[in-house]
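A.B. asks: The structure's right below; bear with me while I get my questions together.
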Ligand code: 6GU
């Protein structure tokens, strides 16, 4: 998986991705992070990539040309020739997703993470200030994505969130191949509670079934705990979850009680 990030703050991307599990995946060659500084494509001698907004108003707007040149540079690195029309205007590169991080976008979720994990190259465009000149986003962006209904100072943290969610779906990134598929949100259910030693901590015991060694009982307990937890914490997820009649009954009992 090759992540290409157009940003004014490449250090933010490289530092965060270089740590922990993503850092290990980079060293192992499972993922690759190419943070490209938009400022390197600035078209004035002060290396500024922003300017005042037409029509007035507060803040600055990122200029179209540095973003556009940065995009072309990444396309040439990927060795994909961006399509050009007679005037030399580059059209969207078919097949390569260019994700613009914006609170105006579609809200990111696990399903989208799975879709992106099937790509070979993904380009992220991180905005700052009051945004990016609309003409270049129109030209190159394929996906407008937000990470939730709140406003951040820039697109770098959302890009990191999305790259993290994708990375853990890339085969080999997590040691345990089952863990990616059984954790929260696959099946629209939250993960069951986890315990480790000691068996009694400050008077609180681990649920006895976990010490029983009975695999059938354990599997039933995990599943039931997932259903209970989802009904308690995120009942909205249950609408799209596949539950047995008995599970549906347990879930309905909890959600009904919580409504009163
Ligand atoms: Cl993708 N960008 C910014 N600036 N703020 C956000 C966001 C993105 N998603 C939620 N808030």
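A.B. asks: Among the residues of the stretch 130-146, write down those that are under 20 Å from residue 37 (Cα atoms) and within 10 Å of the ligand (Cβ to nearest atom).
C.D. replies: Passing the criteria: only 131.
A.B. asks: May I pose another question? Just one of (1) over 12 Å from the mean Cα position of the chain (by Cα); (2) outside any loop (DSSP other than H, G, I, E, B) trips up residue 128, so point out which.
C.D. replies: So residue 128 meets the others, but not (2).
A.B. asks: Here is a follow-up. Evaluate the following for residue 64: is it out of contact with any strand residue (DSSP E or B) (no Cβ under 8 Å at 6 or more places or on another chain), surrounded by 16 or more Cβ atoms within 10 Å (Cβ to Cβ) and at pLDDT 95 or above?
C.D. replies: no
A.B. asks: Something else about it: Among the listed residues 40, 51, identify the single one that is farther than 18 Å from residue 166 by Cβ, loosely packed, with under 15 Cβ neighbours inside 10 Å, touching a strand residue (DSSP E or B) at 6+ places or on another chain (Cβ under 7 Å) and touching a residue at least 12 places away in the same chain (Cβ under 8 Å).
C.D. replies: Just a single option satisfies the conditions, and that option is 51.
A.B. asks: Within the stretch 111-138, track down each residue that is more than 17 Å from residue 10 (Cα to Cα) and out of contact with any helix residue (DSSP H, G or I) (no Cβ under 7 Å at 6 or more places or on another chain).
C.D. replies: Within the stretch 111-138, 111, 112, 114, 115, 118, 119, 120, 130, 131, 134, 137, 138 qualify.
A.B. asks: Please go through the stretch 102-120 and pick out each residue that is more than 12 Å from the ligand (Cβ to nearest atom) and in a loop (DSSP other than H, G, I, E, B).
C.D. replies: 109, 118, 119, 120
A.B. asks: While we're here: Being within 16 Å of the ligand (Cβ to nearest atom) and surrounded by fewer than 17 Cβ atoms within 10 Å (Cβ to Cβ) narrows it down to one of 154, 203, so name that one.
C.D. replies: Selected residue: 154, the only one of 154, 203 that is within 16 Å of the ligand (Cβ to nearest atom) and surrounded by fewer than 17 Cβ atoms within 10 Å (Cβ to Cβ).
Results for (1) at pLDDT 95 or above; (2) within 21 Å of residue 32 (Cα to Cα), shown as yes or no for each residue.
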residue	(1), (2)
52	yes, no
69	yes, no
93	no, yes
103	yes, no
109	yes, no
123	yes, yes
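A.B. asks: If you don't mind, there's one more thing I want to ask. Can residue 149 be described as within 28 Å of residue 72 (Cβ to Cβ) and within 16 Å of the ligand (Cβ to nearest atom)?
C.D. replies: Taking the combined requirement at face value, the residue does not satisfy it.
A.B. asks: crowded, with 20+ Cβ neighbours inside 10 Å and part of a helix (DSSP H, G or I): does that describe residue 136?
C.D. replies: When the stated conditions are applied, residue 136 passes them.
The values are calculated or read from the model by the stated rules, or taken from the named source; none is laboratory data. Nothing here was measured: the structure is a model prediction, and the numbers come from that model. Glycine gets a Cβ as well: all are built from the backbone with ideal geometry, and neighbour counts include every protein chain shown.
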